[in-house]
Structure formats: C-alpha cells, structure tokens
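*Asks:* Right, I'll just put the structure down here and ask away after.
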Amino acid sequence: QVQLVESGGGLVQPGGSLRLSCAASGSFFSIVFMGWYRQDPGKQRELVARISNVDNTNYADSVKGRFTISRDNAKTTVHLQMNNLKPEDTAVYYCNVEASQSLGQSPKTYWGSGTQVTVSS
C-alpha cells in the first residue's frame with residue numbers, strides 16, 4: 001500500500017503562485033508515475049501534470065508555461081509549482097501515484113485526499 005500526504009493548497013490572488021507537494025510512503029517496489037489532477041464540482045477530474053520515473057513530463061494545455069512538476073532525488077515526493085494562477089485554476093487538486101508492489105507486477109493507482117486551491121481577488 002501507498003500513503004500520500006499532500007500540502008500547499010490555499011487562497012491566492014490572480015497572478016500569484018502556490019506550490020503543492022505530495023509525499024509517498026509505505027510498501028512499494030517502484031513508483032512509475034507521480035502527478036496531479038484537479039476537479040471542480042460538477043466536472044470530471046482532469047490531468048494537470050505528471051512525471052514518470054525517468055522524469056518525462058506532460059501537462060494539460062491550460063497550464064503549460066505556468067506550472068512545473070518536479071520530484072525530489074528520492075523520487076517519492078512530487079511538487080507542483082503553480083505560477084500566474086488564474087481563477088479558472090480553482091479546484092481541488094489530487095495527488096496521483098502509480099506504483100507497483102513487486103517486480104513485474106502491474107502498477108496500481110493511488111490517490112491523495114485532495115487539497116483546495118482557490119484563485120480569487
């Protein structure tokens with residue numbers, strides 16, 4: 001099992017910045033992907049950004065050039081630096097990890113409990 005602890009959400013004015021972090025712990029063999037999704041009430045959860053175990057990244061078009069995803073050296077904590085935030089970035093942000101429990105096992109998906117990001121003046 002993998003436990004995820006998220007931090008860094010909050011209220012910020014348009015144009016401001018926030019940094020989200022998510023630390024993974026528990027019993028696992030390897031982490032394949034770490035990333036962030038977001039969800040507004042009444043809407044589907046959407047990918048914001050994710051990073052692979054070889055540091056390949058991909059971003060939603062709406063955040064390219066404004067958000068940067070990164071991982072620590074141990075590759076168990078993922079960060080999302082969010083700059084030039086817009087009101088439409090307001091959502092609950094969920095950490096997502098795909099990890100395998102043993103060599104050769106297909107990875108399972110784990111979710112954090114979510115952290116609120118509100119962009120408003």
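*Asks:* In the range 57-81, how many residues are open to solvent by 10 Å² or more (accessible area, probe 1.4 Å), under 20 Å from residue 107 (Cα atoms) and in contact (Cβ under 8 Å) with a residue 40 or more places away in the chain?
*Replies:* Adding up the residues that qualify gives 3.
*Asks:* Right, another one. For the list (1) under 17 Å from residue 25 (Cβ atoms); (2) of a type outside the set (Asp, Glu); (3) at pLDDT below 95, I need the number of the one condition that residue 95 fails.
*Replies:* (3)
*Asks:* While we're on this one: Please state which one of 43, 75 is closer than 17 Å to residue 6 by Cα, of a type outside the set (Val, Ile, Thr) and outside any helix (DSSP H, G or I).
*Replies:* 75
*Asks:* Related question: Looking at (1) open to solvent by less than 60 Å² (accessible area, probe 1.4 Å); (2) in contact with an Asp or Glu (Cβ under 6 Å, 6 or more places away or on another chain); (3) without any contact (Cβ under 8 Å) to a residue 24 or more places away in the chain, which one does residue 47 not meet, given that it meets all the others?
*Replies:* (2)
*Asks:* Same structure, new question: How many residues does the range 82-121 hold that are part of a strand (DSSP E or B), surrounded by fewer than 17 Cβ atoms within 10 Å (Cβ to Cβ) and out of contact with any Leu (no Cβ under 8 Å at 6 or more places or on another chain)?
*Replies:* Residues meeting the conditions: 4.
*Asks:* Out of all the residues in the range 1-17, which are at negative phi and either open to solvent by less than 40 Å² (accessible area, probe 1.4 Å) or under 18 Å from the mean Cα position of the chain (by Cα) (or both)?
*Replies:* Hits for the range 1-17 are 2, 3, 4, 5, 6, 7, 9, 11, 12, 16, 17.
*Asks:* Residue check: is residue 15 in a loop (DSSP other than H, G, I, E, B), touching a residue at least 12 places away in the same chain (Cβ under 8 Å) and not charged (D, E, K, R)?
*Replies:* yes
*Asks:* Continuing with this model, one more query. Any idea how many residues of the range 18-37 are open to solvent by 20 Å² or more (accessible area, probe 1.4 Å) and either closer than 20 Å to residue 6 by Cα or outside any loop (DSSP other than H, G, I, E, B) (or both)?
*Replies:* Summing the residues that are open to solvent by 20 Å² or more (accessible area, probe 1.4 Å) and either closer than 20 Å to residue 6 by Cα or outside any loop (DSSP other than H, G, I, E, B) (or both) in the range 18-37 gives 12.
*Asks:* Among the numbered conditions (1) closer than 26 Å to residue 100 by Cβ; (2) among the aliphatic types (A, V, I, L, M); (3) without any contact (Cβ under 8 Å) to a residue 60 or more places away in the chain; (4) touching an Asp or Glu at 6+ places or on another chain (Cβ under 9 Å), tell me where residue 54 comes up short.
*Replies:* The one condition residue 54 does not meet is (4).
The values are calculated or read from the model by the stated rules, or taken from the named source; none is laboratory data. From a predicted model like this one, the values you see are computed outputs, not experimental measurements. Reconstructed Cβ throughout: ideal geometry from the backbone, glycine too, with neighbour counts over all protein chains shown. Note: accessible area is taken over every heavy atom of the protein model, side chains too, but ligands, DNA and RNA are not part of it. Shrake-Rupley method; radii C 1.70, N 1.55, O 1.52, S 1.80 Å.
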